[in-house]
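The numbers here are math on the coordinates, done by the rules we state, and not lab data. None of the values given here were measured: they were computed from a predicted structure. Note: ideal-geometry Cβ built from the backbone for every residue, glycine included; neighbour counts use all protein chains shown.
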Ligand code: GLN
């Protein structure tokens, strides 16, 4: 079987299983097997696939047919122009989350001194690592309740050469955070409503960690404690920046109003209100 035939076959197999982007996924999986990029595939389409590669390709196509996201098959996802390791212990970084990372980076660029950032629920570390990478004057403390997620986050930190400026801590929200005086607290917490989880896309529901998805009864179960306690951990005029789910921005703004001012909402590329940012009123 040639590389071109393998792509056609793979696309057909995925299409029969109603996978959303069969040709893209077949290509990504074949590139992963052959450790090449897409342009190499097309330039070498007439070459034969050896048995080992062909068997591995079939096995991975089978995994994709079972609903496993392509990122867990290849073990990676790009975010903010950087490649991140991922596995089933962490949420796959989403393009809309880049808006949250960019918001923090923009804030940081205005500062001339070292910016102290606290991230709650770092998962793969995509937000913390991007901030450290693009804001050389930053120090980030990144918390997650999952030790297995922290392992991945540490790998990503090493991969991008920012280990000196990120400290990871296993903590349930603020429980183990002893440092205070942060300039910014950032979080993309779990925000799906508990009841909505069974109805989520199979790729998300069956493969991504429930710990990273379940935001409790109304999906806002993490926003309340974070908003409630953030003032104790922020310095005067410090900022709190959240990613929120669809239709959650207004309620999060309402919750923030007691302690935060200059509250802003940013939309994602689909026009959905995605990021909520506010500044602490006075000091704690
Ligand atoms: N901070 C990580 C991300 O944005 C994890 C978020 C989560 O697990 N809810 O991808």
*asked:* Need one number: nm distance between label points at residue 224 and residue 178, each 7 Å from Cα along Cα→Cβ, rounded to one decimal.
replied: 3.0
*Fewest to most neighbouring Cβ within 10 Å: what's the order for 163, 171, 124?*
163, 171, 124
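Rounded to two decimals, what is Rg over Rh for segment 133-241 when you use alpha-carbon atoms and the Kirkwood radius? Can you show the working numbers first?
On the way: Rg = 15.4 Å, Rh = 15.5 Å.
Radius of gyration relative to Kirkwood radius: 1.00.
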*Taking every eigenvalue of the Cα gyration tensor of segment 94-163, multiplying by 5 and rooting it, what semi-axes result, largest first, whole Å?*
20, 13, 11
_7 Å from Cα along Cα→Cβ at both residue 257 and residue 15: what's the point-to-point distance in nm?_
5.3
_Ratio of the Cα radius of gyration of segment 1-66 to 2.2 N^0.38 Å, where N counts its residues_ = 0.99
*Tell me, what are the semi-axes, in whole angstrom and largest first, of the equivalent ellipsoid of the chain as set by the roots of 5 times the Cα gyration tensor eigenvalues?*
39, 20, 16
_GNM top mover of 60, 150, 100 - the chain, alpha-carbon springs below 10 Å_ = 60
*For labels at residue 236 and residue 136 in the simple 7 Å Cα→Cβ model, what's the distance in nm?*
3.1
*Acute angle (nearest 10 degrees) that the helix 3-16 long axis makes with the longest principal axis of the chain, alpha-carbon atoms*: 60
*Which whole-number percent gives the relative contact order of the chain, counting Cα pairs below 8 Å spaced six or more residues apart?*
14
*Helix axis angle, 22-34 relative to the chain longest principal axis, alpha carbon, degrees*: 80
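Determine by what factor the alpha-carbon radius of gyration of segment 3-158 differs from 2.2 N^0.38 Å, reporting the quotient. Present the calculation step by step, with values, prior to reporting the outcome.
Working: Rg = 18.7 Å, N = 156, 2.2 N^0.38 = 15.0 Å.
Ratio of Cα Rg to 2.2 N^0.38 Å: 1.25.
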*asked:* Starting from 0.36 nm per residue, how many nanometres of slack lie between residue 1 and residue 147 once their C-alpha separation is accounted for?
replied: 48.2 nm
_Spin-label zone in segment 1-22 - amide nitrogen under 17 Å from a point set 7 Å from the Cα of residue 44 along the C-beta vector_ = 1-8
*Cα convex hull of segment 78-126 - mean projected area over all directions, nm²*: 3.9
_Quick check: the distance between the Cα centres of segment 140-176 and segment 28-62, to the nearest angstrom?_
34
